[in-house]
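Participant: Before anything else, here's the structure in question.
The values are calculated or read from the model by the stated rules, or taken from the named source; none is laboratory data. Quick caveat, the model's predicted, so the values are computed rather than measured. Every residue, glycine as well, gets a Cβ built from its backbone with ideal geometry; the counts of neighbours run over all protein chains shown.
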Amino acid sequence: MALQSTNPTTTKAWSDLQSHFSELKDVHLKELFKNNSKRAEELTVIWDDFYVDFSKNRITKKTISLLTDLAKELHLKDAISKYFDGDIINKTEGRAVLHTALRAPESAEVFVGGENVIPGVFAVKEKIKDFTNSITSGIHRGFTGKQITDVVNIGIGGSDLGPAMVVDSLKFYKNHLSTYFVSNVDGDHYQEIVKNLNPETTLFVIVSKTFTTQETLSNANSIRDWFLQTLPKEAIANHFVAVSTNIESVKAFGIDEANIFPMKDWVGGRFSLWSAVGLSISLALGYDNFENLLSGAHKMDEHFRTSDFKENIPVIGALLTVWYNNFFEAESEAIIPYTQYLNQFATYLQQGIMESNGKRVDRDGKPVNYQTGTLIWGEPGTNSQHAFFQLIHQGTKLIPTDFIGYVKSLHGNKDHHNKLMSNYFAQTEALMNGKTEDEVLEELGNASEEQKQMLLPFKIFEGNKPTTSILIQKLTPESLGKLIAMYEHKIFVQGIIWNIFSYDQFGVELGKKLAKTILEDLNSSVIHNPHDTSTQSLIEFFKK
Ligand code: F6P
């Protein structure tokens with residue numbers, strides 16, 4: 001059954017939230033803490049190895065109540081069942097959205113078109129496991145009998161960002177294989193990678209759900225040409241494997257059917273790292289770690305599916321985005337991991353969140369009259385503190401920020417970890433409290449009165465900047481699986497509230513189509529296709 005369609009701004013909860021917003025919008029977080037000694041406790045959710053403190057947000061318990069009323073009025077519970085049960089919730093592409101089935105236990109039953117998909121999921125997992133073990137143990141060898149030492153993932157978007165982010169985030173757990181990711185159609189990308197590789201000891205994993213993506217096919221073709229400069233065609237079977245739904249096109253590329261890892265159309269590209277798209281994760285970290293990643297995600301799925309909305313981490317997180325986006329008119333959200341390992345996390349989430357919820361028409365096909373998807377950005381702390389935190393502290397924009405950190409470090413150097421985490425805690429405190437006039441004056445101590453008055457406005461921080469503190473015991477494959485799944489479910493909930501379809505991406509199609517036309521013009525002696533005068537001049541200048 002289809003998702004229901006209601007303009008959120010027409011609900012009773014929305015107008016209640018509007019009145020509540022007028023009461024709360026000018027209240028300082030410091031005031032809220034002063035008035036309620038139990039605030040931190042009341043607005044923190046402790047689940048498994050996650051401690052999520054929402055109390056430094058510009059909310060009260062009433063806000064959570066009204067936001068969850070909104071979710072109920074918009075039938076979130078019913079939507080969650082449809083999501084997990086394999087209903088065609090990606091209506092515009094006529095598909096189910098079942099990344100959750102990829103991490104479900106073997107005993108689960110999830111039906112698509114009358115067929116339980118779980119046995120198929122486990123068959124592919126078995127194939128990933130066997131292949132991973134044969135590569136890491138050295139049973140599967142290159143064409144000349146040498147062991148595989150390097151793995152190159154060739155893909156883009158969801159066929160690159162997820163595996164690349166996970167492999168980088170979990171490199172502490174890596175095995176002996178070196179892993180590389182080629183995505184950009186810019187020839188420098190693949191050339192810089194292959195120039196140091198030996199084709200005899202390298203495995204190439206071509207990942208493309210559609211197997212039609214220009215960047216991936218160009219890189220795969222150029223890399224195959226490079227490979228064939230050293231080894232014969234028969235060697236392709238030992239060195240090239242593919243992940244795709246498009247088996248025929250993969251075979252046409254020259255890859256043996258036995259070397260194809262299939263995926264299903266009910267796995268969206270940006271949610272696909274749990275599928276065979278995660279093959280390079282399994283190769284880089286070993287199959288058991290891949291399995292632990294999946295099992296962490298499944299635990300978060302269960303938390304999301306079964307917890308009361310008021311105790312539900314992804315639901316509260318999503319509703320807070322709505323609160324800031326639609327009431328405070330905040331335009332962006334920052335995601336700041338206090339671990340260098342999660343260096344690529346915000347980049348990965350940019351696709352997940354912005355490709356999903358960057359939509360301007362509702363589920364009835366009508367333009368929305370409210371804001372939808374937020375801008376996502378971020379870099380690890382503490383580096384980001386020395387880069388863009390100034391704007392979050394003293395700029396004119398409200399930027400709700402997620403702080404992600406770990407109780408235990410992987411490196412074991414207490415001095416470094418305490419310094420890192422003291423910055424995490426200090427930043428959330430500073431963003432909330434700011435610095436008052438009295439504090440500035442005290443800090444200026446013996447300066448002249450004239451100097452004090454001159455400096456005062458620049459040194460005041462108004463504070464009242466919202467943050468959510470996500471504190472996890474330790475960075476492991478399992479806890480990373482939970483964290484990624486948490487954001488995936490946030491995306492889903494936001495889409496339900498905003499009454500949009502989160503699982504298509506027609507917005508990226510137009511540019512791809514035009515690039516094909518322009519490529520024809522670049523490759524021919526004359527420009528055949530009509531262009532606006534600006535584009536025409538640019539092409540002419542480029543061709544000259
Ligand atoms: O950028 C659009 C997109 O379709 C993404 O959603 C997808 O992850 C990416 O291109 C790659 O697609 P494919 O896996 O089919 O090559």
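Participant: From 472, 491, 484, 460, which residue is in contact with a helix residue (DSSP H, G or I) (Cβ under 7 Å, 6 or more places away or on another chain), over 24 Å from residue 337 (Cβ atoms) and at pLDDT 95 or above?
Facilitator: Values: 472 fails: over 24 Å from residue 337 (Cβ atoms); 491 fails: over 24 Å from residue 337 (Cβ atoms); 484 fails: over 24 Å from residue 337 (Cβ atoms).
Every option except 460 fails the conditions.
Yes/no matrix, rows are residues, columns are (1) touching a residue at least 40 places away in the same chain (Cβ under 8 Å); (2) under 19 Å from residue 346 (Cβ atoms); (3) of a type outside the set (Gly, Ala, Ser); (4) surrounded by 12 or more Cβ atoms within 10 Å (Cβ to Cβ):
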| residue | (1), (2), (3), (4) |
| --- | --- |
| 362 | yes, no, yes, yes |
| 365 | no, no, no, no |
| 380 | yes, yes, yes, yes |
| 386 | no, yes, yes, no |
| 399 | yes, yes, yes, yes |
| 404 | yes, yes, yes, yes |
| 416 | no, no, yes, no |
| 419 | no, no, yes, no |
| 451 | no, no, yes, no |
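Participant: A further question on this structure: Just to check your reading of the model, which residue among 178, 183 is under 27 Å from residue 353 (Cβ atoms), of a type in the set (S, T, N, Q) and under 25 Å from the mean Cα position of the chain (by Cα)?
Facilitator: 183
Participant: Can you tell me which residues in the range 105-137 are more than 18 Å from residue 293 (Cβ to Cβ), of a type outside the set (S, T, N, Q) and not in a helix (DSSP H, G or I)?
Facilitator: Answer for the range 105-137, where residues must be more than 18 Å from residue 293 (Cβ to Cβ), of a type outside the set (S, T, N, Q) and not in a helix (DSSP H, G or I): 109, 110, 111, 112, 113, 114, 115, 117.
Participant: Condition first: farther than 22 Å from residue 342 by Cβ and either within 16 Å of the ligand (Cβ to nearest atom) or aromatic (Phe, Trp, Tyr) (or both). Now tell me which residues in the range 147-181 satisfy that. Full working, then the answer.
Facilitator: Residues of the range 147-181 that are farther than 22 Å from residue 342 by Cβ, as a first pass: 147-150, 152, 154, 176.
152, 154, listed by residue number.
Participant: If only one of 502, 534, 479 is hydroxyl-bearing (Ser, Thr, Tyr), assigned to a helix (DSSP H, G or I) and either under 30 Å from residue 320 (Cα atoms) or touching a helix residue (DSSP H, G or I) at 6+ places or on another chain (Cβ under 6 Å) (or both), which one is it? Before the answer, list the steps.
Facilitator: On the way: 502 fails: assigned to a helix (DSSP H, G or I); 534 fails: either under 30 Å from residue 320 (Cα atoms) or touching a helix residue (DSSP H, G or I) at 6+ places or on another chain (Cβ under 6 Å) (or both).
Just one listed residue meets the conditions, 479.
Participant: Show the residue pairs that are 6+ apart or on different chains and have beta-carbon atoms under 6 Å apart, the first residue being within the range 114-135 and in contact (Cβ under 8 Å) with a residue 12 or more places away in the chain, the second being surrounded by 13 or more Cβ atoms within 10 Å (Cβ to Cβ) and not aliphatic (A, V, I, L, M).
Facilitator: Once the first residue is in contact (Cβ under 8 Å) with a residue 12 or more places away in the chain and sits in the range 114-135, its partners that are surrounded by 13 or more Cβ atoms within 10 Å (Cβ to Cβ) and not aliphatic (A, V, I, L, M) give 128/282; 129/287; 132/282; 132/287.
Participant: Is it the case that the range 242-252 has a residue that's out of contact with any Phe, Trp or Tyr (no Cβ under 9 Å at 6 or more places or on another chain), away from the ligand (no atom under 16 Å from the Cβ) and not hydrophobic (A, V, I, L, M, F, W, C)?
Facilitator: yes
Residues checked against (1) surrounded by fewer than 24 Cβ atoms within 10 Å (Cβ to Cβ); (2) more than 16 Å from the ligand (Cβ to nearest atom); (3) small (Gly, Ala, Ser); (4) closer than 17 Å to residue 157 by Cα:
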residue	(1), (2), (3), (4)
283	no, yes, no, no
306	yes, yes, no, no
319	no, yes, no, no
332	yes, yes, yes, no
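Participant: Restricting to the range 367-378, name every residue that is touching a residue at least 12 places away in the same chain (Cβ under 8 Å), under 30 Å from residue 7 (Cα atoms) and not polar (S, T, N, Q).
Facilitator: Residues of the range 367-378 touching a residue at least 12 places away in the same chain (Cβ under 8 Å): 368-378.
Still in the list and also under 30 Å from residue 7 (Cα atoms): 368-377.
Hits for the range 367-378 are 368, 370, 373, 375, 376, 377.
Participant: On the basis of being touching a residue at least 12 places away in the same chain (Cβ under 8 Å), away from the ligand (no atom under 15 Å from the Cβ) and among the hydrophobic types (A, V, I, L, M, F, W, C), does residue 228 make the cut? I'd like the intermediate steps shown before the answer.
Facilitator: Working: touching a residue at least 12 places away in the same chain (Cβ under 8 Å): no; away from the ligand (no atom under 15 Å from the Cβ): yes; among the hydrophobic types (A, V, I, L, M, F, W, C): yes.
The answer is no for residue 228.
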